[in-house]
Amino acid sequence: MDISEHIEALRREGALLADAAARTDLDAPVPTCPDWRLGDLLRHTGHVHRWAAAYPARGLREPLDPEGERAVFGPAPSDAALLDWFREGHAALVDTLVKTPADVDCWTFLPAPSPLAFWARRQAHETAVHRHDADAAAGIEGPRVDTALALDGIDELLRGFLVRPRSKLRSERPRTLLVRATDGPGVWRLTITQEPLAVTTDGPEEPADLTLAGPGRELYLLLWNRLPAEHGSAQHAGSAGHVERTGDETLLDLWRETAAVR
């Protein structure tokens, strides 16, 4: 996906998130984030949008300190103003990314072709995953995430976040996980050891301890820990898609416990 596609996904997913929140009580629990209510989800995502916009908008080359973050966030919105506050921050982020020069130099925290490409991609997925959380709080299944966005988000998670030294995805004995999309180009082989995760996307498709195969959208939500991880096929309410699991499904327990992004 290119920058404009990520920005368009951010625009779409943020609008869908706001629509789901508009028809739901702010005190509604978020099943996919058990410690949160819907109001917590809106505040978190609204803060992230404002935080992310600051880097390309100001050309900041270092991460904001707590005082700088508070200045970016501004006054805490009341519950009555929360939805409008979220929409304003989302619109401002989209506008910032559209208007930022392609050669902007600013701080990032994952590899990317450029800082602008990083922030557009990261905020598209930040918003898409939390849009699913808002749908879960509303008790609905929203529109499916586009296959291209889903496959891109799997790649960002596996080859961006989880290969970092700070990732907690580790195993005392080597274990392998193969992730295969059935509706687009996407195969990832993961080797989990006591060292940072190793991921390959080419070479022969050798057997793995566990293979996950299914539509990109289902894999996206499962790997981002947004679908139940019961043994057997994972059925998402109202969805005909499923993820087939072949091999040692206890690897999903390890995944659920250690592959969270914070």
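For the stretch 92-129, the tally of residues that are under 17 Å from Leu16 (Cβ atoms) and touching a residue at least 60 places away in the same chain (Cβ under 8 Å) stands at 8. Inspect the stretch 76-91 for any residue being modelled with pLDDT under 95, in the same structural domain as Thr127 (by TED's automatic domain parsing), hydrophobic (A, V, I, L, M, F, W, C) and within 25 Å of Ala128 (Cα to Cα) and give the result as yes or no. Checked the stretch 76-91: at least one residue is modelled with pLDDT under 95, in the same structural domain as Thr127 (by TED's automatic domain parsing), hydrophobic (A, V, I, L, M, F, W, C) and within 25 Å of Ala128 (Cα to Cα). Just one of (1) surrounded by 19 or more Cβ atoms within 10 Å (Cβ to Cβ); (2) touching a Phe, Trp or Tyr at 6+ places or on another chain (Cβ under 9 Å); (3) assigned to a helix (DSSP H, G or I) trips up Ala120, so point out which. Just one mismatch for Ala120, condition (2). Here is a check on your reading of the model: is Leu97 at pLDDT 95 or above and crowded, with 19+ Cβ neighbours inside 10 Å? Yes: the conditions hold for Leu97. In the set Glu126, Glu156, Glu141, Glu67, only one residue is touching a Gly at 6+ places or on another chain (Cβ under 8 Å), charged (D, E, K, R) and either modelled with pLDDT of 95 or more or surrounded by fewer than 21 Cβ atoms within 10 Å (Cβ to Cβ) (or both); that residue is Glu141. Identification of strands (runs of 3 or more DSSP E) wholly contained in the stretch 141-214 with 2 or more residues that are in contact with an Asp or Glu (Cβ under 6 Å, 6 or more places away or on another chain) yields 175-181, 210-214. Regarding the stretch 174-197, can at least one residue be identified that is of a type in the set (Phe, Trp, Tyr) and under 16 Å from the mean Cα position of the chain (by Cα)? No, the stretch 174-197 has no match at all. Just one of (1) polar (S, T, N, Q); (2) surrounded by fewer than 18 Cβ atoms within 10 Å (Cβ to Cβ); (3) under 26 Å from Ala136 (Cα atoms) fails for Ser4. It is (3).
The values are calculated or read from the model by the stated rules, or taken from the named source; none is laboratory data. These numbers were taken from a predicted model, which means no experiment stands behind them. Cβ coordinates were reconstructed from backbone atoms using ideal geometry, including for glycine residues, and neighbour counts include every protein chain displayed.
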